[in-house]
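**Student:** Submitted below is the structure of interest, expressed as structure tokens.
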Amino acid sequence: HGDDHGDRESAADVPFTIVDRAGKAHAVTAKAGDNLMYFAHKLQAENPAIVIEGACEASLACSTCHVILSSQHFDVLDEPSEQEDDMLDMAPCLSATSRLSCQIVLKPELAGMTVSLPKFTRNFYVDGHVPEPH
């Protein structure tokens, strides 16, 4: 065991806000390097209002992890891939700052962002399939 805490222990905190489907804001803190979708899955156990489905488990085959980012933070991210754009085209409640949360790796420059969950998502992957967080 010793003193080896790994890189994650020294990763920078990334505080931000998730706005659930009912419009309630939740202040959260992740670590730089965390995947936004998987981070939200971990939060869901303690806060059931933070629901990001992720039906295809980050394989870019659905849009159920669609989120809407604050505009100033949207521009910090790399451009979405063509595959992500294709999936976003099928997402309901699409906005100019929509992204798939499975494609967002948190970094210090995203501190202070607001991540809003759309009012609903549509699961074209498998009706009724809800993956369990790993």
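**Student:** If the chain between ALA61 and ALA96 were fully stretched, how many nm would it gain, using 0.36 nm times the residue separation less the Cα-Cα distance?
**Tutor:** Here the answer is 10.5 nm.
**Student:** GluC sites (Glu not before Pro), restricted to region 9-86: which are DSSP loop and have at most 10 other Cβ atoms within 10 Å?
**Tutor:** Listed in order of number, the matching sites are GLU46.
**Student:** Hey, another quick one. For region 26-75, state the semi-axes of the equivalent ellipsoid (square roots of 5 times the eigenvalues of the alpha-carbon gyration tensor), sorted largest first and rounded to whole angstrom.
**Tutor:** Value: 17, 16, 11 Å, ordered largest first.
**Student:** Sorted by mean Cβ packing within 10 Å, highest first, what order do the peptides 64-74, 21-31, 88-98 take?
**Tutor:** Peptide ranking by packing, descending: 64-74, 88-98, 21-31.
**Student:** While we're here: Using a probe of 1.4 angstrom, how much of the accessible area of region 1-93 is carbon and sulfur, in percent?
**Tutor:** 48 percent
The values are calculated or read from the model by the stated rules, or taken from the named source; none is laboratory data. Please read these numbers as outputs of a predicted model, since none were measured by experiment. All Cβ positions, glycine included, derive from the backbone under ideal geometry; neighbour counts span all protein chains shown. All accessible areas refer to the heavy atoms of the entire protein, side chains included, with ligands and DNA or RNA removed. Shrake-Rupley method; radii C 1.70, N 1.55, O 1.52, S 1.80 Å.
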